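Since the structure comes first, as structure tokens, the remarks are kept for the end.
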Amino acid sequence: MISITAIIKSKKENTEVVKDMVHSLVTNTRKEAACIRYDLHYSENVFIIWEEWTNQPGLDIHNSQKYVIDFIADSETLLASPIQVYKTSEVF
């Protein structure tokens, strides 16, 4: 299993637009066969997605989906900083 944490920080004036975009991303991603978990957490203008994937090929398929590529491109000017993505392993 692969765990990912993605942190998306919108500019304050773009929070609602980014929120709608992230909701669409979550809805589409949860339909993918390799997706075990794709949970969205939110505080002010920061969106945190906690992901679990069955394997690397499944994650690779996710990362190549048009809606993921479009989200990254379309959100770039709306964000306060680049999207941070951490691939982690369970320790305890």
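Since every read-out is calculated from the coordinates, none of them should be taken as a lab result. These numbers were taken from a predicted model, which means no experiment stands behind them. Every residue, glycine as well, gets a Cβ built from its backbone with ideal geometry; the counts of neighbours run over all protein chains shown.
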Relative packing of 20-27, 59-66, which averages over residues the other C-beta atoms within 10 Å, highest first: 20-27, 59-66
I need two numbers for region 34-74: Rg to one decimal and Dmax as a whole number, Cα atoms only, in Å. 11.7, 34
For semi-axes √(5λ) of the Cα gyration tensor in Å, the choices are (i) 22, 15, 11; (ii) 20, 14, 14; (iii) 42, 18, 13; which was calculated from the structure? (i)
Can you give the helix-only mean residue ellipticity at 222 nm for the chain, where every DSSP H stretch with n ≥ 4 adds -39500 (n - 2.57) and the sum goes over all residues, rounded to the nearest 500 deg cm²/dmol? -11000 deg cm²/dmol
Reachable lysines from LYS11, criterion Cα separation under 22 angstrom, eight or more residues apart if same chain: LYS19
